[in-house]
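Enquirer: Pasting a structure below so you can have a look.
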Amino acid sequence: EEIIKEQRSLIAEKVTEIENLQEQQETLKTAYSNRDEASQRFAQELSAVRKSSSHSVEQGLRMSNELARMETELEKLETDNIELNEVNNELKKTISDLSTQLELLNKQSSNLIHHKEVLE
């Protein structure tokens, strides 16, 4: 009978150990599940950050290309402006020359009119 009591006591201890181990196993399963969920959330957040970063890089490249295009256009406009200034200066000189010629023609005309009057 004492042996049976000891065996029952040992069995009870083993059952308690098994129950404790099962509880620990459930705790570990929950911890693993939580870790997996956290890992998935982290992976999703990382993916979103990568996409955002990639989008930002693409946007930066587009802006850089647009800026380069605008700089090229500005250089062209500056060159056109220089050429227009040169043409404008040439036109001013031509106008000045024509104005001088007109003054001479007016004087000649005046002189001719005066001579005509004298001759009449």
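The values are calculated or read from the model by the stated rules, or taken from the named source; none is laboratory data. This one's a predicted model, so the numbers in the text were calculated from it and none came from an experiment. Using ideal geometry, Cβ is built from the backbone for each residue, glycine included, and neighbour counts are taken over all protein chains shown. Remember, those area values only see protein heavy atoms, side chains included, never the ligands or the DNA or RNA. Shrake-Rupley method; radii C 1.70, N 1.55, O 1.52, S 1.80 Å.
Enquirer: Please work out how much length the chain gains when fully extended from Arg69 to Ser33, using 0.36 nm per residue of separation minus the C-alpha to C-alpha distance, in nm with one decimal.
Expert: Gain in length upon complete extension: 7.6 nm.
Enquirer: Still on this model: Write down the accessible area per residue of segment 8-86 in Å², having rolled a 1.4 Å probe over the full set of protein chains. Provide the component values of the computation, followed by the final result.
Expert: On the way: 7220 Å² over 79 residues.
Value returned for segment 8-86: 91 Å² of accessible area per residue.
Enquirer: Given springs between every Cα pair under 10 Å in a Gaussian network model of the chain, which of Asp36, Asp80, Asp97 has the largest fluctuation?
Expert: Of Asp36, Asp80, Asp97, the most mobile in the Gaussian network model is Asp97.
Enquirer: What label, among (i) 15.3; (ii) 12.3; (iii) 6.1, belongs to mean projected area of the Cα convex hull in nm² computed from the structure on display?
Expert: Among (i) 15.3; (ii) 12.3; (iii) 6.1, the one derived from this structure is (ii).
Enquirer: Please give the contour-minus-distance gain from Arg8 to Gln59: 0.36 nm per residue of separation, less the Cα-Cα distance, rounded to one decimal in nm.
Expert: Details: separation 51, 0.36 × 51 = 18.36 nm, distance 7.48 nm.
Here the answer is 10.9 nm.
Enquirer: Here is a further query. For the chain, modelled as a Gaussian network with Cα springs under 10 Å, which listed residue fluctuates most, Val57, Val49, Val15?
Expert: Checking each option, the largest mean-square fluctuation is seen for Val15.
Enquirer: Let me ask you something else. Relative to the first principal axis of the alpha-carbon coordinates of the chain, what is the inclination of helix 2-119, with its axis defined by its Cα atoms, in degrees from 0 to 90 and to the nearest 10?
Expert: The two axes meet at around 0 degrees.
Enquirer: With springs only between Cα atoms under 10 Å apart, run a GNM on the chain and tell me which of Ser54, Ser99, Ser110 wobbles the most.
Expert: Ser110
Enquirer: Magnitude of the Cβ-charge dipole of segment 41-116, K/R +1 and D/E -1, about the Cα centre, nearest 20 debye?
Expert: On the way: 10 positive and 13 negative charges, 46 e Å.
It works out to roughly 220 debye.
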